[in-house]
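To start, the structure itself, in C-alpha cells.
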C-alpha cells in the first residue's frame with residue numbers, strides 16, 4: 001500500500017493523563033562507599049525528559065500537530081521543569097497544580113550506561129480534583145482526544161470524559177492500564193499491549209482464539225476498534241466490518257522498546273485527527289513504532305523519518321527522488337554519518353569509474369552519485385551520447401557496493417542539487433581547481449569539504465567508444 005503522510009499542521013489533539021518527569025543522573029564510579037556496600041557515583045551530567053502522558057504529547061507535537069496537554073502536577077520545581085520542557089516543543093500545558101502531592105518524578109542514577117538505582121517521587125491521587133471543566137474547555141477546539149493512563153490517578157473520571165468526547169463527536173483513544181477495562185467503555189479505540197490484553201481476557205493457544213477474544217472484548221466495551229500492540233510480532237487491529245488486520249513489525253533491529261506504546265497512540269491520534277482511514281492510520285503508527293524501537297531511549301519520530309519509511313521498504317540504498325534523498329541525508333547526518341557526494345554522466349561504466357567511486361566512498365559513510373539526464377549528457381557530449389539511457393545508467397550505479405544513493409539532475413550543473421543536499425564532502429574526479437567545481441561554495445560555507453581525486457589513467461568513456469570504432 002502506497003501512502004502519503006497527511007499535512008498535520010492544522011490538526012489539533014488533546015492529551016489527558018498521568019504526566020511525569022524523568023530525570024537521569026550520569027556519572028563515574030570507581031569505588032565503594034565506606035558507609036555501606038554501595039558504589040559512589042560522582043554525578044557529572046544531569047538530564048530531564050518528559051514522561052508518561054507528556055511523552056505521548058511530545059510524539060504528537062513532533063509531527064507538527066497542535067497539541068494540548070492536561071495533567072496533574074505538584075506545586076514544585078519539577079512541575080516548572082516539566083512545563084518548560086514541553087513548552088519548548090510548542091505543547092500547550094494546562095496543568096492542575098495540587099499542593100498535596102509532588103509532581104511524579106522518576107530519578108535514575110546511571111554509570112557506564114548501567115542503571116544503578118531508580119528513585120520514585122509520587123503519592124497516590126486521593127485528593128479531590130475535577131477534570132471535567134478543564135476538559136470541556138478544550139474539547140470543542142480539538143480533532144481527537146488521547147487518554148494516557150499510567151494508573152497514577154489522574155484519569156479517575158474516565159467514563160465521564162469518554163461520554164463528553166462522544167457528545168462532541170471526537171474520536172477518543174486510550175492507552176489502558178490495570179485489570180478493569182470497563183471504565184474505557186464507549187471509547188473509539190484502546191491500545192493495550194500483549195500483556196495488558198492477556199491480563200483482561202486470559203491466555204490463548206491459537207491466533208484464531210486471540211482474534212475471537214479480541215472481538216469479544218471490543219463488543220463488550222462498545223469500542224469502534226481494538227488495537228493490540230504485540231512487540232516483535234507487530235500489531236493487530238480489530239475494526240469491523242473490516243477483517244482483522246495484522247501488521248508485522250517494521251523494526252529491522254530492536255534496541256529499546258521504551259516509549260513505543262506512546263509513539264503508537266500518538267501517531268494514531270494524529271492520523272485520525274487528519275481524518276485518515278483506520279488501515280492507513282494503523283500502518284503509519286506501526287512504521288513509527290518500528291523506527292522508535294530501533295533507537296535507544298524514549299524518542300519521538302519526525303515526519304521526515306515517516307516519509308522515508310512510507311516511500312521505501314528499504315532506504316539504505318537505491319535510486320531516490322529528490323525530496324526523499326534530502327530527508328534521508330538529513331537523518332543520516334543527525335545520526336553522525338559522513339555524506340560524500342559526486343556527479344557525472346557515467347555513460348559506460350568502466351574500471352576508472354569503479355576505482356574513483358570506491359575511493360570516494362572511503363572518505364565517508366555514505367556515497368551519493370548524481371547522474372546527468374539523457375538531455376544534459378547530449379548537451380555536454382553531443383548528439384551521439386549517451387550510449388546508455390538514464391534508467392540503465394542509474395541502475396548500474398545503484399548496483400555497486402560502494403554506492404549508497406543515486407539521483408538524477410537535468411540542469412547544466414548539479415549545483416542546485418548539491419546546495420540542497422549539502423553533503424559533508426563533495427568529490428570530483430579529474431584535473432580541477434576547487435573553485436571550478438559546481439556546488440563547492442555552498443558546501444564549504446556549510447562547513448564541508450571539497451576533494452579532487454585522480455581518475456585511473458587510460459580509462460574514459462570517450463576512449464572506449466573510439467576503441468570500439470577501430
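Quick note: the coordinates plus some simple rules give every number you see, no bench work behind them. Because the structure is a prediction, the values reported are computed rather than measured. Neighbour counts are summed over all protein chains in view; Cβ atoms, including those assigned to glycine, are modelled from backbone coordinates with ideal geometry.
Annotations for the structure displayed:
- Residues residue 31 and residue 326, FRET efficiency given R0 of 51 Å [Cβ-Cβ distance, rounded to 0.05]: 0.50
- Note on residue 179/residue 337: beta-carbon distance plugged into 1/(1 + (r/R0)^6) with R0 of 45 Å gives a FRET efficiency of 0.45.
- Approximate spin-label separation residue 436-residue 380, in nm, with each point projected 7 Å along Cα-to-Cβ: 1.4
- Residue 107-residue 232 pseudo-label distance in nm [points 7 Å out on the Cα-to-Cβ vector]: 3.6
- Compared with the alpha-carbon gap, the fully stretched path from residue 194 to residue 167 is longer by 6.6 nm at 0.36 nm per residue.
- Over all orientations, segment 86-131 has a Cα convex hull whose mean projected area works out to 5.1 square nanometres.
- Across the chain, the relative contact order, built from alpha-carbon pairs under 8 Å that are at least six residues apart, equals 11 percent.
- Rounded to the nearest 500, the helix-only mean residue ellipticity at 222 nm of the chain stands at -10000 deg cm²/dmol, with each DSSP H run of n ≥ 4 adding -39,500 (n - 2.57).
- FRET efficiency, 1/(1 + (r/R0)^6) with R0 41 Å, evaluated for residue 350 and residue 420 via beta carbons: 0.90
- Residue ranges 303-309, 45-51, 421-427 sort as 421-427, 303-309, 45-51 when ordered by packing (mean number of other C-beta atoms within 10 Å per residue, highest first).
- Ranked list, fewest to most other Cβ atoms within 10 Å of each Cβ, for 113, 440: 113, 440
- For the chain, the fraction of alpha-carbon pairs in successive 20 Å shells from zero, as %: 21, 42, 28, 9, 0
- Proxy reagent accessibility, fewest Cβ within 10 Å first, across 445, 133: 133, 445
- The convex hull defined by the C-alpha atoms of segment 148-238 has an orientation-averaged projected area of 5.7 nm².
- Using the Stokes-Einstein relation with a Kirkwood hydrodynamic radius computed over Cα pairs, the translational diffusion coefficient of segment 1-99 at 10 °C and a viscosity of 1.306 mPa s comes to 101 µm²/s.
- Cα convex hull, segment 318-469: 104 Å³ per residue, rounded to a whole number.
- 14 Å reach of a label modelled at residue 48, 7 Å along Cα-to-Cβ, counting backbone N of segment 103-143: 103-107
- Separation in nanometres of the label points that stand 7 Å from Cα toward Cβ, at residue 242 and residue 209: 2.8
- Taking other C-beta atoms within 10 Å as the exposure proxy, 158, 67 rank 158, 67 from fewest upward.
- Using alpha-carbon coordinates, inclination of helix 351-361 to the longest axis of the chain, degrees: 30
- Relative protection proxy for 196-204, 6-14, 170-178, from highest mean packing down: 170-178, 6-14, 196-204 (other beta-carbon atoms within 10 angstrom).
- Extension gain, residue 96 to residue 137: 0.36 nm times the residue separation minus the Cα-Cα distance gives 13.4 nm.
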